[in-house]
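Data first, discussion second: the structure below is written as structure tokens.
The values are calculated or read from the model by the stated rules, or taken from the named source; none is laboratory data. Because the structure is a prediction, the values reported are computed rather than measured. Methodologically, a virtual Cβ is constructed for each residue, glycine included, from the backbone with ideal geometry; neighbour enumeration extends over all protein chains shown.
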Amino acid sequence: MQNNLTIGIIVKPQGIRGEVKVKPYTDGAESFQGLKRVFLDGEEVKILSVRLGADAVYLGLKGVPDRNAAERLRGKELTLPREEAPDPGAGRYYIADLLGAEVVSEEGELLGVLKEIRPAATDIYFLEREGKEVLFPAVKGVVTDIDVAAGRITVCKKRFDEVVVE
């Protein structure tokens, strides 16, 4: 398990007072409201203000007094130590905890190893299988079980074969 979790990425400056727009990698932007600090490139940065938008979080960060300073942060990921990260809740998990998991059919056939997840309306899972990259949407009916502790994602082979892109 990773000790630090990526919770969002700075998309762009917001306004002229140093605020940044953050795309959250959490289930909801609300999870940012209780945070007092984040880490940028391993450096602790105090959070001065949090505003929620429809699909984003707007943060005021200590040491970022204006738009020019905020512009230099564009594209940087926000991380937190695992113990400070919001609890994902029952039946939920962090993407970092799934990377490297084996993807198997309900019959136990190894279909690949999870290498990447791209968050979207329906998350897209990228597998490495026999040296090739394959992808599939993690929709209901395809993914039947996720066992984080065992490092295993079980899928319905029939549905998997219908949606997989090689």
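Results for (1) under 22 Å from Y25 (Cα atoms); (2) free of Cβ contacts under 8 Å to residues at least 40 places away in the same chain; (3) of a type in the set (V, I, T); (4) not assigned by TED's automatic domain parsing to the domain that holds K157, shown as yes or no for each residue.
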position: D66; (1), (2), (3), (4): no, no, no, yes
position: L110; (1), (2), (3), (4): no, yes, no, no
position: I124; (1), (2), (3), (4): yes, yes, yes, no
position: E133; (1), (2), (3), (4): no, yes, no, no
position: G141; (1), (2), (3), (4): no, yes, no, no
Practice task
Determine which member of the set R72, R159, R129 is within 30 Å of F39 (Cα to Cα) and either of a type in the set (K, R) or in contact with a helix residue (DSSP H, G or I) (Cβ under 8 Å, 6 or more places away or on another chain) (or both).
Solution key: R72
Handout entry: Qualifying residues in the stretch 114-140 (those that are of a type in the set (D, E) and farther than 18 Å from D97 by Cα) - the one modelled with the highest pLDDT
Key = E133
Problem - Any hit, the stretch 75-93, residues being buried (at least 17 other Cβ atoms within 10 Å of the Cβ) and assigned to a helix (DSSP H, G or I) - result: no
Handout entry: Residue in the stretch 2-14 that is exposed (fewer than 13 other Cβ atoms within 10 Å of the Cβ), touching a residue at least 24 places away in the same chain (Cβ under 8 Å) and within 19 Å of A54 (Cα to Cα) present
Key = no
Practice task
Inspect the stretch 24-35 for any residue being of a type outside the set (G, A, S) and touching a Phe, Trp or Tyr at 6+ places or on another chain (Cβ under 7 Å) and give the result as yes or no.
Solution key: yes
